[in-house]
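Heads up, the thing below is written out as structure tokens.
The values are calculated or read from the model by the stated rules, or taken from the named source; none is laboratory data. This is a predicted model, so every value here is computed, not measured. Every residue, glycine as well, gets a Cβ built from its backbone with ideal geometry; the counts of neighbours run over all protein chains shown.
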Amino acid sequence: MKKLITALMLLSMTAGVMALPDDVKANNGGVESLRGSAELDVTRRADPHKRVLKDRAPIERNYVHQPPVVPHQIRGYRVDLNSNKCLSCHGWKYARETGATKISPTHFETRDGMTLSDVSPRRYFCLQCHVPQVDGRPLIENQFKAVDSLTQQ
Amino acid sequence: MMKFIKNIWQALSTPSKAGVGIVLALGFAGGVIFWGGFNTALSLTNTEEFCIGCHEMNDNVYEEYKETIHYANRSGVRATCPDCHVPKDWTHKIIRKIAASKEVWGMLTGIIDTREKFVEHRKSMAMREWKRMKDNDSRECRNCHNFEYMDFSEQGSRSVKMHSSALASGEKTCIDCHKGIAHQLPDMKGVPGWH
């Protein structure tokens, strides 16, 4: 008898869930993200790829100590154990010839402030801090302004 | 007996007009077939499918090349293995093909038949190819990328700076700067232009 009751209860519960209309099952509770809302049972169409900006003049910094962003394309530029393409222009050996911005002397320092003769391993992976830019618009409007001392007149 | 040999000799030394014609015709036909067959076989070895028929190429360089712009791009124009690694004109092609017979030996002896062996040999192989391109002024690049027709107004400012100076004066050639554009690089320590 006990078994029968359990079975009946289970059956009624599953049937109850199955009988729910689809829109209730997939309801996301009205949650919206900055990229719009999507129901759980719908795969939202992906946004189109944004294009990386081609060669531009250096982009101004927004705050002191901000790592400058990369104002050019970097497709296929590898930074790994074997090679570092960034340093082929931005390294001190080549910066004058290529007209690229030299890496700052802080990149030669270890974390306890000792200056090495070459780029410090902790500063070797350029793209950890310096990132290329795409032509995207801010998702929400904002009135951010760089500090006065960094704004070029 | 002597007479018999003399007769044969006579027949051979004074061929009839028809005989000469037949020999010439056969020689011509044979030449056409041989030459056609040779060139067909040669062009068969000049395809991407042939190159990646060996796992050494398929698993290493081809996999790396698949991420690059010469494999896939917006307009679908491609440069496959032989476009860069085999000269287009006949003389240089034959010279390269003969040199490449060493690669068959390498395949048979398995000099790079594992990933580890390949990585270990990558630098010497890459340096050989860079030297070849440097020596021929990047001839295979220039089969498609013709300096005469570069529109600097369409290039990025960094490209213009380099192309209008070092490349234009002939001081540098394509491969001097564009290394590792289709394959991954070996350890670049000591290579000019690299950190």
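To keep it simple, each residue is scored yes or no on (1) in contact (Cβ under 8 Å) with a residue 12 or more places away in the chain; (2) more than 23 Å from residue B:187 (Cβ to Cβ).
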| site | (1), (2) |
| --- | --- |
| A:49 | no, yes |
| A:62 | yes, yes |
| A:69 | yes, yes |
| A:72 | yes, yes |
| A:86 | yes, no |
| A:98 | no, no |
| A:125 | yes, no |
| A:128 | no, no |
| A:138 | no, yes |
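Within region A:51-64, the presence of a residue that is touching a Cys at 6+ places or on another chain (Cβ under 8 Å), in a loop (DSSP other than H, G, I, E, B) and at negative phi is excluded. Is it true that residue A:149 is within 29 Å of residue B:119 (Cα to Cα), polar (S, T, N, Q) and surrounded by fewer than 10 Cβ atoms within 10 Å (Cβ to Cβ)? Criteria not met by residue A:149. Of the helices (runs of 4 or more DSSP H) entirely within region B:1-103, those holding at least 2 residues that are within 14 Å of chain A (Cβ to nearest Cβ) and at negative phi occupy B:62-65. Suppose the filter is more than 10 Å from chain B (Cβ to nearest Cβ), on the phi < 0 side of the Ramachandran plot, surrounded by 12 or more Cβ atoms within 10 Å (Cβ to Cβ) and within 24 Å of the chain's Cα centre (by Cα); does residue A:127 pass it? So residue A:127 passes the test. Scanning region A:80-113 for residues that are exposed (fewer than 11 other Cβ atoms within 10 Å of the Cβ) and farther than 23 Å from residue B:193 by Cα, we see that the one that is nearest to the other protein chains (Cβ to nearest Cβ) is A:111. Evaluation of residue A:116 against the conditions (1) surrounded by fewer than 15 Cβ atoms within 10 Å (Cβ to Cβ); (2) at pLDDT 95 or above; (3) within 12 Å of chain B (Cβ to nearest Cβ) shows that the sole unmet condition is (3). Screening residue B:148 on (1) within 11 Å of another protein chain (Cβ to nearest Cβ); (2) surrounded by fewer than 17 Cβ atoms within 10 Å (Cβ to Cβ); (3) over 18 Å from residue A:97 (Cα atoms) shows it passes everything except condition (1).
Looking at B:190, B:180, just one residue is among the small types (Gly, Ala, Ser), more than 11 Å from chain A (Cβ to nearest Cβ) and within 30 Å of residue B:118 (Cα to Cα), and that residue is B:190. Note on region A:89-104: residues that are touching a helix residue (DSSP H, G or I) at 6+ places or on another chain (Cβ under 9 Å) and assigned to a helix (DSSP H, G or I) total 5. Among the residues of region A:56-79, the ones that are facing chain B (nearest Cβ under 7 Å) and touching a helix residue (DSSP H, G or I) at 6+ places or on another chain (Cβ under 8 Å) come to 1 in all. Screening region A:24-53 for residues that are surrounded by 13 or more Cβ atoms within 10 Å (Cβ to Cβ) and within 14 Å of chain B (Cβ to nearest Cβ) and picking the one that is farthest from residue B:157 (Cα to Cα) gives A:52. Among the candidates B:21, B:31, B:27, B:36, the residue that is surrounded by 10 or more Cβ atoms within 10 Å (Cβ to Cβ) and either more than 46 Å from the chain's Cα centre (by Cα) or more than 30 Å from residue B:94 (Cβ to Cβ) (or both) is uniquely B:21.
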